[in-house]
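Q: The structure that follows is given in the form of structure tokens.
The values are calculated or read from the model by the stated rules, or taken from the named source; none is laboratory data. Just so it is clear, the structure is predicted and the values come from calculations on it, not from any experiment. Note that we place each Cβ from the backbone using ideal geometry, even for glycine, and neighbour counts take in every protein chain shown. Just the protein is used for accessible areas: all its heavy atoms, side chains included, with ligands, DNA and RNA removed. Shrake-Rupley method; radii C 1.70, N 1.55, O 1.52, S 1.80 Å.
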Amino acid sequence: MAIATLLLERGLVTREQLDQAQAEHGATGEHLDRVLVRMGLVTRDQVLAALGEQFHMPVVDLSTITLDPAVLASLPSKLVYRQHCLPISRDQGVITVATSDPYDLSVLDELRLLTGCSIEVVLADPDELHKVIRQHYGVGGDTLDELSIGAGATSLESAPADEVEQAQEASVIKLVNDILAEAISQRATDVHIEPYEHELLVRYRIDGVLERANVPATINRFASAVISRLKIMANLNIAEKRKPQDGRITFKHRFTGRPPEEFDLRVSVIPMLFGEGVVLRVLSKTAALMSLDQLGMPLDVLTRWDRLINRPHGILLVTGPTGSGKSTTLYASLNRIISDEIKAITVEDPVEYHVPGVNQIQVNHKVGLDFSAGLRAILRHDPDVVMIGEIRDKETAEVAVQASLTGHLVFSTLHTNDACGSTTRLLDMGVEPFLVSSSLEGVMAQRLVRRVCASCATPYTPEHSEIDGIAELEASLGVGQTLVRGTGCRECRNTGYRGRIGIYELLCVSDDLREMITHRQSAPAIAASARKTDDLFALRADAIAKVRAGVTTLGEMLRALTA
């Protein structure tokens, strides 16, 4: 019985939906069941159940199975990757193999000859199967096997003249593409490739935390070829190994059930003791801009920030460490106020998102276009709103202040630990106190914390030792307060967290605070005064509120607030 008939009989699709999917199937040649899932007409579990009935195969959930390394070793990784199948058990001469494609079982004969065993086939979810194969055989495991056979018993150490040839071999290209594709699939924001004496370490930064990528140890033998391939992709000088280099790669990746997406990879190469280290920053060209309502700001903060960003002039700063979501907040703020009546221009390094209706300029240090030079130039273009990627020096700060005093609303970022510290930071740069006090309207400080995974969130009562000594926690949580934490599941890669949310602090500059800034009062003095007049919404207060609401955990809060 055909899969279409089964789905119809089960009432999972209508005849009209099926006709629509079959038209798509005829145009693309993609399996009908995959078309139905991609169109959102049925779920993958429903299709698997129907396929199992059609082909008389049991369906297994790989997340509940503990795999024996001896059974996994019964099939070479090259065959596992090529046929997208996985040995999951072995009993009395019968090997059970999971597959996601029951239409092509020609591999059974090859498996019988290779193992000398009978083969029993079961069905598994294709995405879960892909994850488990990568987990146990490593990213690029098949490619590394192929490279190892080609290289024989010797390592791939060669003269610089041969590096271009090595880096352009099909196997090396596939290996590098696999590493990048896996990083994007895992939602990594950065890829770190680090050479050591006897190891090439690959790590992904996921939800702000570095995790070791599951890459076979044999990749160390091909370290120079991998680095050279990345340098070629980024249009860098492959022969230059003594100086740092920066470049960019445009990389296309297709997620299951979605059209291909373009990613902008910012590449930094630095010479190290045992070779060249590479870090790639992953930026999605097609990522949707987040709105202010989606960032997780408390209602009180969002209301006040909304009033600030609708002012006609002044400076608004967003502060925090690298990777705390400052740019995302600025983009969301710009997107909130942009209209046909407002002209907005930005100077950024790099341009991370393309905002419709905003004129965006990329910093180019090679031709002298830095933040201060770009800001001076765009002021002649009659903007209403100006965004500067970062205030790094006195020159940029002074131009930003002058722009705000001449009727422009200026957005920018600053590296300080809290909102009140931004005032002293500007003064330390050499900006006159009366200029800072008259131009600064508000400062947002923020951090990112990991969200508790919704799939494995579990209530618990924290031990007294977890909150002991933290006055605010003891007062606000109390004894017996129920919190939430993730126990770990396949959705969150057993971390207990999936995704991130911001925690925020907002300082609104009042007349009293302007007077204090003019007299060069310290950041703690400004903070104490702002709390009394309710001009400061504290970072710690928002963090504790999100812990109590079960959005994040105590550990995440403490990690973010001590960063």
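Q: Can you give me the distance in nm between label points at Asp300 and Leu558, each placed 7 Å from the Cα along the Cα-to-Cβ direction?
A: About 2.6 nm, to one decimal.
Q: Separate question: Quick test of your reading: applying the under-4.7 Å Cβ rule, which cysteines of the chain are isolated?
A: Here Cys85, Cys117, Cys420, Cys508 come out as lacking a disulfide-compatible partner, given the Cβ-Cβ threshold of under 4.7 Å.
Q: Please give the helix 170-185 orientation as an angle from the longest Cα principal axis of the chain, in degrees from 0 to 90, rounded to the nearest 10.
A: The angle comes out near 60 degrees.
Q: Please list, by residue number, everything in the stretch 329-363 whose backbone N is under 18 Å from a paramagnetic label point 7 Å out along Cα→Cβ of Glu262.
A: Correct set: 350-363.
Q: Could you give each residue of the stretch 362-379 its phi-based ³J(HN,Hα) in whole Hz, using Karplus coefficients 6.51, -1.76, 1.60 with θ = phi - 60°, and x for Gly or Pro?
A: Taking θ as phi minus 60°, the curve returns 8, 4, 9, 5, 5, 10, x, 8, 9, 4, 5, 5, x, 5, 4, 5, 6, 5 Hz for the stretch 362-379.
Q: I'd like the FRET efficiency for Arg254 and Asp45, computed as 1/(1 + (r/R0)^6) with the beta carbon distance as r and R0 of 25 Å, rounded to 0.05.
A: Details: r = 22 Å, r/R0 = 0.88.
FRET efficiency, Arg254 to Asp45: 0.70.
Q: What does the accessible area per residue of the chain come to in Å², with a 1.4 Å probe and no ligands, DNA or RNA counted? Provide the component values of the computation, followed by the final result.
A: Details: 26350 Å² over 563 residues.
Computed with neighbouring chains in place, this is 47 Å² per residue.
Q: Using a 1.4 Å probe on the protein chains only, how many percent of the accessible area of the chain belongs to carbon and sulfur? Walk me through the intermediate numbers first.
A: Working: 13180 of 26350 Å².
After summing per-atom areas, the C and S share lands at 50 percent.
Q: Between Cys117 and Thr487, take the C-beta separation as r, use R0 = 41 Å, and let me know the FRET efficiency to the nearest 0.05. Don't skip to the answer; put the middle values down first.
A: Details: r = 37 Å, r/R0 = 0.90.
Working from the Cβ atoms, E equals 0.65.
Q: Extending each Cα 7 Å along its Cβ direction at Leu405 and Glu240, get the distance between those two points in nm, one decimal.
A: According to this spin-label approximation, the distance is 4.1 nm.
Q: Rg (Å, one decimal) plus Dmax (Å, integer) for the alpha carbons of the stretch 1-108?
A: 16.2, 49
Q: If you take the beta carbon distance between Asn214 and Ala27 as r and set R0 to 45 Å, what does 1/(1 + (r/R0)^6) give as a FRET efficiency, to the nearest 0.05?
A: Values: r = 37 Å, r/R0 = 0.82.
Taking R0 as 45 Å, the efficiency between Asn214 and Ala27 is 0.75.
Q: If you rank Asp101, Asp418 by how much accessible surface each has, with a 1.4 Å probe, what is the order from largest down?
A: Numbers: Asp101 40, Asp418 60 Å².
Most to least solvent-accessible, the answer reads Asp418, Asp101.
Q: Fully extended, how many nm does the chain gain between Asp511 and Lys285 (0.36 nm per residue separation, minus their Cα-Cα distance)?
A: Values: separation 226, 0.36 × 226 = 81.36 nm, distance 4.21 nm.
Net length gain for the segment: 77.2 nm.
Q: Per residue, what volume in Å³ does the convex hull of the Cα atoms of the stretch 296-439 enclose? List each step's numbers first, then the result.
A: Details: hull volume 16.6 nm³, N = 144.
Looking at the stretch 296-439, the number lands at 115 Å³ per residue.
Q: Given the whole protein assembly as supplied and a 1.4 Å probe, what does the accessible area of Tyr196 come to in Å², nearest 10?
A: The value for Tyr196 is about 110 Å².
Q: Once both labels are modelled 7 Å past Cα along the beta-carbon direction, what's the His56-Ala525 spacing in nm?
A: In this crude label model, His56 to Ala525 measures out at 8.7 nm.
Q: Accessible area of Lys252, 1.4 Å probe, to the nearest 10 Å²?
A: Roll a 1.4 Å probe over it and Lys252 shows about 140 Å².
Q: Rounded to whole Å, give me the distance from the Cα center of the stretch 430-454 to that of the stretch 48-64.
A: Result: 53 Å between the Cα centres.
Q: Take every Cα-Cα distance within the stretch 317-395, group them into 10 Å bins from 0 onward, and report for each bin the whole-number percent of pairs it holds.
A: The distribution over the stretch 317-395 is 17, 52, 29, 2, given as percents.
Q: Got a sec? What order do Arg380, Arg205 fall in by accessible area at 1.4 Å, biggest, i.e. largest, first? Walk me through the intermediate numbers first.
A: On the way: Arg380 185, Arg205 70 Å².
Putting Arg380, Arg205 in descending order of accessible area: Arg380, Arg205.
Q: Give the value in nm², to one decimal: projected area of the alpha carbon convex hull of the stretch 40-84, averaged over all directions. Intermediate results must be reported in sequence, preceding the final value.
A: Numbers: hull surface 18.6 nm².
So the Cα hull casts an average projection of 4.6 nm².
Q: So, one more: So which of Lys243/Lys326; Lys231/Lys285; Lys78/Lys243 end up more than 32 Å apart by C-alpha? All intermediate terms of the calculation are to be shown ahead of the outcome.
A: On the way: Lys243/Lys326 30 Å; Lys231/Lys285 21 Å; Lys78/Lys243 37 Å.
Cα-Cα > 32 Å for Lys78/Lys243; rest within.
Q: Which percent of Cα-Cα pairs in the stretch 266-347 sits in each 10 Å bin, short to long?
A: 13, 39, 26, 13, 8, 1
Q: In addition: Just the accessible area for Met233, please: 1.4 Å probe, Å², rounded to the nearest 10?
A: Accessible area, nearest 10 Å²: 40 Å².
Q: Continuing with the same structure: Residue-wise, which Karplus ³J(HN,Hα) couplings in Hz belong to the stretch 486-495, taking 6.51 cos²θ - 1.76 cosθ + 1.60, θ = phi - 60°, and x for glycine or proline?
A: x, 8, x, 8, 5, 5, 10, 6, 6, 9
Q: Where does the longest stretch of the chain lie that holds no GluC sites (Glu not before Pro) found in a DSSP loop with 14 or fewer other Cβ atoms within 10 Å? The partial results should precede the final answer.
A: Numbers: sites that count: Glu30, Glu157, Glu197, Glu240, Glu341, Glu463.
Answer - 31-156.
Q: Could you work out the relative contact order of the stretch 498-563? I mean the mean sequence separation of Cα pairs under 8 Å and 6+ apart, divided by the number of residues, in percent. Before the final figure, lay out each step's value.
A: Numbers: 40 pairs, mean separation 24.1, N = 66.
It comes to 36 percent, rounded to a whole number.
Q: If you average 1/r across every pair of different Cα atoms in the chain and take the reciprocal, what Kirkwood value do you get, in Å?
A: Details: mean 1/r = 0.0366 Å⁻¹.
Every distinct Cα pair counted, the radius reaches 27.3 Å.
Q: Now, a different point. Only Cα pairs under 8 Å and at least 6 apart count here; give the relative contact order of the stretch 301-360 as a rounded whole percent. Before the final figure, lay out the partial values.
A: Details: 33 pairs, mean separation 14.4, N = 60.
With pairs under 8 Å counted, the relative contact order is 24 percent.
Q: What value, in deg cm²/dmol to 500, does the helix sum -39500 (n - 2.57) over DSSP H runs of n ≥ 4 give at 222 nm once divided by the residues of the chain?
A: Values: 24 runs with 224 residues, N = 563.
Mean residue ellipticity at 222 nm (helix-derived): -11500 deg cm²/dmol.
Q: Something else about it: For the stretch 170-311, take the convex hull of the Cα atoms, compute a quarter of its surface area, and give me that in nm², please. Don't skip to the answer; put the middle values down first.
A: Numbers: hull surface 46.9 nm².
Result: 11.7 nm².
Q: Another question about this same structure. Plugging the Kirkwood radius over Cα pairs into Stokes-Einstein for the stretch 497-559, at a temperature of 25 °C and a viscosity of 0.890 mPa s, what D comes out in µm²/s? Don't skip to the end; give the middle numbers.
A: Values: Rh = 13.3 Å.
So the translational diffusion coefficient is about 185 µm²/s.
Q: Suppose accessible area is computed on protein heavy atoms with a 1.4 Å probe; arrange Asp91, Asp511, Asp68 from highest to lowest. All intermediate terms of the calculation are to be shown ahead of the outcome.
A: Values: Asp91 100, Asp511 125, Asp68 75 Å².
I get Asp511, Asp91, Asp68, largest accessible area first.
Q: Compute the helix-to-body angle for 539-548: its Cα long axis versus the longest principal axis of the chain, expressed 0 to 90° and rounded to tens.
A: Roughly 40 degrees, rounded to the nearest 10.
Q: Let me ask something else about it. Give me the percent relative contact order of the stretch 1-73, please, defined on Cα pairs under 8 angstrom at least 6 residues apart.
A: Numbers: 41 pairs, mean separation 21.7, N = 73.
Relative contact order here is 30 percent.
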